[in-house]
Ligand code: SF4
């Protein structure tokens, strides 16, 4: 099936709008500098009352070379001394953050992202892990340590050492195996080196393996991306994230190296996504939503089947109750009903933390209206449906009154076939799943006021 079976050009033109990916609501664009360290401290102390478990995210910003599509906060360097200073400062931040959280709150998830976390040596990673264990209470069981791996810079032998440190899930950057596409984005990575990491991980007991792919890259075609998908399916990762490339060269300098004329059109991108969904579904993967797929026995697929799936800064999560402590430059956390982000440059990060100050630069404390809208948007993004009666119960509102303008905006989407139901239940159709951001955007109270072009396009 091609995209033409589901979407005509007119529909694509109308729905190819700029909009958030809703890894949080309100999104990071709504974070304010008025929310700083004291507000974060207050939110953290308040959150201790519930004693919910913690999830920790550690950002390691360094990379050896720039991938042109990249929109991450990273610093290109090959200097190992950068890592040493970063770790010293990170440890101080761990100590300061550790004092804010009750020791009765177990850390159930720990994720190292970047950048390239394995820019740090194994000894450096181990010392960071030990420091976290000294300053937080690690859950004795049911804990998951995960780390992002760049197969170009990690040897298969390293996987054994990472398993020994406690890592049980890895996330591999793959993007596309086509050599022309790889050259166009400055990330040349062979199938053999990726397969070697997968095999080595399984051999030492790391079975939970994510692949990150990107559709919409320069020179990608349906034929070339189908070959990439077949190779990926053959390696059988337990989860696959297939992100739509967002070309925003005014925001991300590296993207200026990408020739916009070589990018697929919106219709071609939608076709690539649709083909991805079909191929992965036929191979036994569940379409979790937006850009994520998982095998049926993966915790994400199980959480979705049980109605317990959540969306967070890493995409989707099977652990809804955790607060998230963000550590390292630019990292984002969620504590109680507040989001907070650290300063974005190393210079500011070092200056703050070396002076024993938290690195919080901005954030937001959610109002009751924010929490209501977050629940509606989460339900759409995670389950493709909103039980309006449950929302009424949880938030003491009359849904049809409170959201009368939004329901009116959704009516044309029902007529366009993006929704199956628009009544006491709002249900996204199979066709609407591809445009779920557009449905969710209806409930975003900030979108009209926000600078929409700062978000990527929905398609
Ligand atoms: S995609 Fe990953 S490895 Fe490439 S520059 Fe960005 S953070 Fe670094």
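Each value in this text was obtained by applying a stated rule to the coordinates, not by laboratory testing. From a predicted model like this one, the values you see are computed outputs, not experimental measurements. Here the Cβ is made from the backbone with ideal geometry for all residues, glycine too, and neighbour counts use every protein chain on show.
After finding the eigenvalues of the alpha carbon gyration tensor for the stretch 69-216, what semi-axes result from the square roots of 5 times each, listed largest first in whole Å?
With the √(5λ) rule applied to the stretch 69-216, the semi-axes are 29, 19, 14 Å.
Taking the simple approach of a point 7 Å from Cα along Cα-to-Cβ for both residue 88 and residue 126, what is their distance in nm?
With each label placed 7 Å out from Cα toward Cβ, I get 2.2 nm.
Between rounded, prolate and oblate, where does the stretch 153-247 land on the alpha carbon gyration tensor, with a ≥ b ≥ c its root eigenvalues, rounded for a/c under 1.5, else prolate if a/b exceeds b/c?
prolate
Hey, rough spin-label estimate for residue 103 and residue 10, points 7 angstrom out along Cα→Cβ, what's it come to in nanometres?
6.8 nm
Averaging the inverse of every distinct alpha carbon separation and then flipping it gives the Kirkwood radius. What is it for the chain, in angstrom units?
22.9 Å
So for 129, 110, fewest C-beta neighbours within 10 Å to most, what's the order?
Ranked by crowding around the Cβ, least crowded first: 129, 110.
Rounded, prolate or oblate, given the Cα gyration tensor of the stretch 1-124, with a/c below 1.5 counting as rounded?
Oblate is the answer for the stretch 1-124, as a/c is 1.5 or above yet b/c matches or exceeds a/b.
How much FRET efficiency would the formula 1/(1 + (r/R0)^6) give for residue 192 and residue 261, where r is the Cβ-Cβ distance and R0 is 45 Å, rounded to 0.05?
Efficiency for this residue pair is about 0.90.
What is the packing order of peptides 18-27, 232-241, taking the mean over residues of other C-beta atoms within 10 Å and listing the highest first?
Per-residue mean Cβ counts within 10 Å order the peptides as 18-27, 232-241.
Which of the peptides 153-160, 186-193, 269-276 is most tightly packed, and how do the rest follow, judged by the mean count of other Cβ atoms within 10 Å per residue?
Top to bottom by mean Cβ count within 10 Å: 269-276, 153-160, 186-193.
Per 0.36 nm of contour for each residue apart, how much would the distance between residue 160 and residue 34 grow if the chain were fully extended, relative to their Cα-Cα spacing?
Full-extension gain reported as 40.8 nm.
Roughly speaking, what is the stretch gain from residue 183 to residue 65, that is 0.36 nm per residue apart minus the C-alpha to C-alpha distance, in nm to one decimal?
41.2 nm
In the stretch 150-191, whose amide N lies under 13 Å from the spot 7 Å out along Cα-to-Cβ of residue 234? List them in ranges.
Only 177-178, 191 pass the distance filter.
Rounded to the nearest 500, what is the 222 nm mean residue ellipticity of the chain from helices alone, with -39500 (n - 2.57) per DSSP H run of 4+ residues and division by all residues?
-11500 deg cm²/dmol
Could you give the Stokes-Einstein D for the stretch 222-307 in µm² per second, using the C-alpha Kirkwood radius, 10 °C, 1.306 mPa s?
Rounded to a whole number, D works out at 110 µm²/s.
Would you please state which residues of the stretch 366-393 a label at residue 445 would reach in this model, taking the label point 7 Å out along Cα→Cβ and a backbone N cut-off of under 12 Å?
366-375
Per the Debye formula with a single identical scatterer at each Cα and no solvent contribution, what log10 I(q)/I(0) holds for the stretch 355-434 at q = 0.21, 0.26 Å⁻¹?
Rounded to two decimals, the profile gives -0.97, -1.32.
By the gyration tensor of its Cα atoms, with a ≥ b ≥ c the square roots of the eigenvalues, what is the shape of the stretch 154-312: rounded for a/c under 1.5, prolate for a/b over b/c, or oblate?
Cα axes put the stretch 154-312 in the oblate bin.
Separation between the residue 368 and residue 95 pseudo-spin-labels, each 7 Å from Cα along Cα→Cβ, expressed in nm?
Label at residue 368, label at residue 95, 4.3 nm between them.
What residues of the stretch 121-136 lie in the reach of a label at residue 80, counting those whose backbone N is under 11 Å from a point 7 Å from the Cα along Cα→Cβ?
121-124
Tally the DSSP beta bridges in the chain and give the antiparallel ones as a percent, rounded to 5.
So the antiparallel bridges amount to about 45 percent of the total.
Please give the length that would be gained between residue 430 and residue 221 if that part of the chain were fully extended, namely 0.36 nm times their separation in residues minus their C-alpha to C-alpha distance (nm, one decimal).
Roughly 72.9 nm would be gained on extension.
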